[in-house]
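S.K.: Supplied in structure tokens, the structure appears directly below.
Please treat every number below as a calculation from the coordinates, not as lab data. Fair warning: this is a prediction, and the values are worked out from it, not measured in the lab. Cβ sites come from the backbone with ideal geometry, for glycine too, and all protein chains shown count toward neighbours.
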Amino acid sequence: MEQLKNNLLYVKLQERESKFISMIEDTYRYSKDMLPKMNNIFNNYTEHGIDHSLRVLEYMSELINDIDALSDLEITMIIYAALLHDIGMVVSDLEINQLKSSDKNETGMKYSLIYTEYKDEKSTLQECFRPIHGLRAGKHIRNMKKQSLFCIPETEGISFADDIADICASHTESNEWLKLPTC
């Protein structure tokens, strides 16, 4: 957690004595526990555990020109997006079995057709789940049992879970995916 606590954004929240600090620490622990579970399929990928998420957070922090212009909620959402953006790469044995038995993933990709191309179960599973891991991250966040991690302190049940879910879902989408306002 030391790397998180040394991050510019986290330090700013500490200086402000933000009520989001304990929630961020709980989300960090959740991510740290969950992300290694992606290794059942993605163990030959570059490391996408908590260290990767913290590197992403560092890059995001470097892009901010005026941290003082951001609210505690905005800073918290940046941290959450970094911590949770790859959570959709965690795939359970049940999901693997369902894919194989139904032959399609959430977007209709056919396991059997991809297997014909790769002729390897692990590569096939990677190609079925990697392209949609953003979508899966959004779904995971919306279904998390710890929804209290997304409640804005000192409000009556106002949650930013859907916003974080959308941000994480966008991770694997094109610009066309954005919901642009019409004129």
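S.K.: Tell me the label-point distance for the pair residue 71, residue 110, using the 7 Å Cα-to-Cβ offset, in nm and rounded to one decimal.
M.R.: 4.9 nm
S.K.: For 30, 10, what's the fewest-to-most ordering of other Cβ within 10 Å of each Cβ?
M.R.: 30, 10
S.K.: I've got another one for you. Helix 21-34 versus the longest principal axis of the chain: what angle, 0 to 90°, nearest 10, using Cα atoms?
M.R.: So the inclination is approximately 20 degrees.
S.K.: Order these by the 10 Å Cβ neighbour count, fewest first: 139, 119.
M.R.: Lowest to highest Cβ neighbour count: 119, 139.
S.K.: Gain in length, residue 33 to residue 142, computed as 0.36 nm per residue apart minus the alpha-carbon separation, to one decimal in nm?
M.R.: Computed gain between residue 33 and residue 142 is 37.4 nm.
S.K.: To make sure I understand the rule: partners must be aspartates and glutamates, Cα under 15 Å from the Cα of residue 145, and not fewer than 8 residues away in the same chain. Which ones qualify?
M.R.: Qualifying aspartates and glutamates at Cα under 15 Å: 26, 33, 162.
S.K.: Arrange 76, 116 by Cβ neighbour counts within 10 Å, fewest through most, would you?
M.R.: Neighbour counts put them in this order, fewest first: 116, 76.
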